[in-house]
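Novice: Right, I'll just put the structure down here and ask away after.
What follows draws every value from the coordinates through simple rules; no lab data is involved. Bear in mind that the values here come from a model prediction, so they are computed numbers and not experimental data. Here the Cβ positions follow ideal geometry from the backbone for every residue, glycine too, while neighbour counts run over all protein chains shown.
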Amino acid sequence: MKAPLPSESDRLLRLQRIAGALNSEMDLDRILNVIMDHVVELAQAERGFLVLTREGKLSVPVARNFQKEDVMNPEVGFSRSIAEKVARTGEAMLTVDATSDDRFASFQSIHEIAPRSVLCMPFKEHTGTTVGVVYIDNRIARGVFGEEHLRAIEATAPGDLRTAD
């Protein structure tokens, strides 16, 4: 069952809190944690990963769970295949159940992690170049995310992450 989005007024308050954190915080790691915590909470995801791409390699500077804690072993906790495809194409991917989605049948990471609901969107620099992705998932429930979640997360995400690593 698709997770309901918070009301529009709640989403606006959330954006104000993010803006306040960005204005008052000087530590980039803490800023990214605040943003990812809001993304996970907003989408009612189980986990969220900020995955950056540089010279064909993926790195995960931030990985948070619904309890606002760091995800253990974030480098192997998400579908690298989905993240790589979104980073390569610059197009978001959304699936109701990744384990039964034919698009991912050959993805080893799907068989290892067995995520159900997955939403992955590109992060782009001001030039339009994709520099990474935001990957959120729920390994238990299927159909948690929809197009409305993608739009809400796009409004939350910072536009330029070049300094994140």
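Novice: Please enumerate, by chain and number, the aspartates and glutamates with C-alpha under 12 Å from the C-alpha of Lys124, excluding those fewer than 8 residues away in the same chain.
Specialist: Output for Lys124: Glu91, Glu154, Asp160.
Novice: With labels modelled as points extended 7 Å from the Cα through the Cβ direction, what inter-label distance (nm, one decimal) is found for Ala114 paired with Glu55?
Specialist: Taking the two extended label points, one gets 3.8 nm.
Novice: With a cap of 11 neighbouring Cβ atoms within 10 Å, and only residues DSSP puts in a loop, list the chymotrypsin sites (Phe, Trp or Tyr not before Pro) found in the stretch 58-150.
Specialist: Sites meeting the loop and neighbour criteria: none at all.
Novice: Counting Lys +1, Arg +1, Asp -1, Glu -1, what net charge surrounds Lys68 among other residues with beta carbon under 11 Å of its beta carbon?
Specialist: Result for the neighbourhood of Lys68: -3.
Novice: Shifting gears a bit: Rounded, prolate or oblate: which one fits the stretch 34-133, using the alpha carbon gyration tensor with axes a ≥ b ≥ c (rounded when a/c is under 1.5, else prolate when a/b beats b/c, else oblate)?
Specialist: Rounded is the answer for the stretch 34-133, as its axis ratio a/c remains below 1.5.
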